[in-house]
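The values are calculated or read from the model by the stated rules, or taken from the named source; none is laboratory data. Computed from a predicted model, the values in this text were never measured in an experiment. Please note: Cβ atoms are built from the backbone with ideal geometry, for glycine as well, and neighbour counts cover all protein chains shown. For the accessible areas, the whole protein counts, side chains as well, though only heavy atoms, and no ligand, DNA or RNA atoms are used. Shrake-Rupley method; radii C 1.70, N 1.55, O 1.52, S 1.80 Å.
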Amino acid sequence: MSSHQNAQTMKPATAAKKLGVYLDATPAEFREGVVSRGELSALQAEPPQWLLDLRASGPHPRPVVAEKLGVSIAGLARGGVTEPLTTEQIDALKDENPSWLRKERATQSEVRKENVRVKKLHAEQAEKHAQRSED
């Protein structure tokens, strides 16, 4: 038995997700190999030009597109956006501001407000519970 540990590795799809980039747009050598945790850390600390370019102009994966548009991933699907988009396409959608985007942004805003309300309520309940435990 070997006493040293092998470096943990991940599939390229997992690494691309952690980097926030669309896998199919990455270089072939990235897609065809495995990525160690050390390599991922190095890519995050000092991104190569291809990674900087992808992050800046895309194409972006759905979670990034949704974030840039201020909607949920489900909201993208409801709006008919199922493919990765470039930054230019995202900016064009923002400029166009179609009705589905306005509706999904409003929905997302309401969800955020509700999440804040529920979090505050839970904190208040936990505080009351802690006070009762002290008594």
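A few points about this structure:
- Every listed requirement among (1) open to solvent by 70 Å² or more (accessible area, probe 1.4 Å); (2) closer than 24 Å to Thr26 by Cα is met by His129 save one, (2).
- With respect to the conditions (1) over 29 Å from Gln8 (Cα atoms); (2) open to solvent by 80 Å² or more (accessible area, probe 1.4 Å), Gln49 falls short on a single one, namely (1).
- Residue under evaluation Phe30, criteria (1) without any contact (Cβ under 8 Å) to a residue 24 or more places away in the chain; (2) loosely packed, with under 13 Cβ neighbours inside 10 Å; (3) part of a helix (DSSP H, G or I), criterion not met: (2)
- Filter pass, Gly70 being surrounded by 16 or more Cβ atoms within 10 Å (Cβ to Cβ) and of a type outside the set (A, V, I, L, M, F, W, C): no
- Pro63 vs. criteria open to solvent by less than 40 Å² (accessible area, probe 1.4 Å) and out of contact with any Asp or Glu (no Cβ under 8 Å at 6 or more places or on another chain): no
Yes/no per residue for (1) among the polar types (S, T, N, Q); (2) over 18 Å from Asp24 (Cα atoms); (3) out of contact with any strand residue (DSSP E or B) (no Cβ under 9 Å at 6 or more places or on another chain); (4) part of a helix (DSSP H, G or I):
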site: Val81; (1), (2), (3), (4): no, no, yes, no
site: Lys94; (1), (2), (3), (4): no, yes, yes, yes
site: Leu101; (1), (2), (3), (4): no, yes, yes, yes
site: Ser109; (1), (2), (3), (4): yes, yes, yes, yes
